[in-house]
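Undergrad: Take this structure, written in structure tokens, and hold onto it; I'll ask about it next.
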Amino acid sequence: MNELTENVVTNNRNVTFAYRGGLMQQSISIAAGLWLVLIISNANAQTKSIQLPQPGGPSSIGTTTFEWTDPTRTYHRSTEEKENRRIAVQIWYPAKLDNQKKASYSANSKEFKNVTTNSWVNPPFAEGVTKCPLILISPGRGVWHFAYSALAESLASHNYVVAAVGMPDIGNIKFSDGYHARPDARFQPNRELMSGPYEKVDKFFEAPTELGLQDLEFALTKLQQLNDEDPNKVFTGKLDLTRIGVFGHSLGGRIAGALAVKNENVKAYISMEGIAPRRARFEGLLQMPVAMMCSSGTLPYAKENYQTLIDGRTEQVFMIE
């Protein structure tokens with residue numbers, strides 16, 4: 001089917017991540033996922049307690065957070081301060097529980113105390129579970145990386161390892177030393193730009209996409225090191241880094257698409273309210289199944305761009321409204 005309107009899946013259906021090579025399929029509720037990302041990410045403004053939905057898989061869930069510094073790149077805290085660039089990566093995984101502490105929604109931000117998770121802090125990896133496929137989450141501009149906890153917990157309960165990558169200048173990150181890295185105003189498009197033509201939009205996002213791509217690649221390097229030899233003996237030999245799925249939101253969807261093009265181990269790519277870079281769409285560079293999620297309000301303005309991806313596809317493309 002070549003027309004966009006023939007590829008739209010209606011609201012409240014499930015999306016299946018279909019990986020090549022026999023990798024298990026995992027369904028996620030689109031309605032619940034959208035609600036949680038948009039509402040829970042602002043939970044610090046709520047007075048009511050919020051419980052993340054119970055995951056449906058058989059495994060308990062462990063979580064841990066790393067702050068990794070890239071010695072090859074720099075980051076400007078301000079016009080005066082410069083340091084090596086660092087990222088925050090939260091990992092969820094199938095776990096064996098043994099008197100662990102319940103995990104906070106945010107490791108370093110006290111504003112989210114009213115949100116209760118289904119994860120536990122730093123338990124051992126689940127016994128008998130090895131070589132788990134990896135799901136990378138690339139957050140939207142200005143979004144906390146832990147805002148995707150409900151999706152991550154659902155996947156981890158089905159024996160995936162999920163890593164959400166907090167990227168300075170793109171997302172919101174509160175580091176353990178108290179520093180708050182906020183999104184860079186240079187990467188906020190104005191209304192005039194978004195009105196088209198879309199070539200200008202693609203050009204505008206080239207710089208943050210390259211920045212985020214380098215962060216995702218650095219995260220994968222560190223995850224490979226954990227898989228080779230984790231000092232804490234949790235992740236050694238547990239990750240199958242030849243089977244990677246990437247999920248991106250908004251600007252993070254574009255960044256995830258760039259990784260999907262560049263890394264041959266990415267076997268599935270899904271983006272919510274975002275789209276892959278221009279070359280990936282027009283030159284058919286996405287060599288894996290692709291799913292694009294778009295709200296009804298955005299879809300009328302984005303149809304033409306999604307159509308370029310569909311026309312240039314080499315694998316199945318799923319559209320979810």
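Undergrad: So which lysines can Lys102 reach, going by Cα to Cα under 25 Å and dropping same-chain residues fewer than 8 places off?
TA: Within reach: Lys48, Lys110, Lys113, Lys174, Lys233, Lys238.
Undergrad: Taking R0 as 45 Å, what FRET efficiency do you get between Glu304 and Lys96 from their Cβ-Cβ distance, rounded to the nearest 0.05?
TA: Between Glu304 and Lys96 the formula returns 0.35.
Undergrad: To continue, here is another question. What FRET efficiency comes out for Thr69 versus Ser296 if R0 is 41 angstrom and r is the Cβ-Cβ distance? Round to the nearest 0.05.
TA: 0.45
Undergrad: Report Rg(Cα)/(2.2 N^0.38 Å) for the range 96-248, keeping two decimals.
TA: Taking N as the residue count of the range 96-248, the ratio is 1.18.
Undergrad: Express the accessible area of the range 163-321 per residue in Å², computed with a 1.4 Å probe while the remaining protein chains stay in the model.
TA: I get 44 Å² per residue for this part.
Undergrad: Which whole-number percent of Cα pairs in the range 196-291 have a distance greater than 16 Å?
TA: Above the 16 Å cut-off, the range 196-291 has 57 percent of its Cα pairs.
Undergrad: What are the ³J(HN,Hα) couplings of the range 246-257, residue after residue, when phi is run through the Karplus curve with 6.51, -1.76, 1.60 and θ = phi - 60°? Round to Hz, x for glycine and proline.
TA: For the range 246-257, the Karplus-derived couplings read 10, 10, x, 10, 6, 4, x, x, 5, 5, 4, x Hz, x marking Gly and Pro.
Undergrad: Hey, rough spin-label estimate for Lys110 and Arg186, points 7 angstrom out along Cα→Cβ, what's it come to in nanometres?
TA: Going from the Lys110 label point to the Arg186 one covers 3.4 nm.
Undergrad: Long-range amide H contacts for Asn159: which residues qualify at under 5 Å (H placed 1.01 Å from N, peptide plane, sequence gap of 5 or more or a different chain)?
TA: Residues meeting the criterion, in which the H sits 1.01 Å from N, are Ser59.
Undergrad: Label-point separation (nm) for Lys233 and Lys131, each offset 7 Å from Cα along Cα-to-Cβ?
TA: That separation, rounded to one decimal, is 2.4 nm.
Undergrad: Considering all projection directions equally, how large on average is the shadow of the alpha-carbon convex hull of the range 243-321, in square nanometres?
TA: 4.3 nm²
The values are calculated or read from the model by the stated rules, or taken from the named source; none is laboratory data. Given the structure is predicted, the values throughout are model-derived calculations rather than measurements. Reconstructed Cβ throughout: ideal geometry from the backbone, glycine too, with neighbour counts over all protein chains shown. For the accessible areas, the whole protein counts, side chains as well, though only heavy atoms, and no ligand, DNA or RNA atoms are used. Shrake-Rupley method; radii C 1.70, N 1.55, O 1.52, S 1.80 Å.
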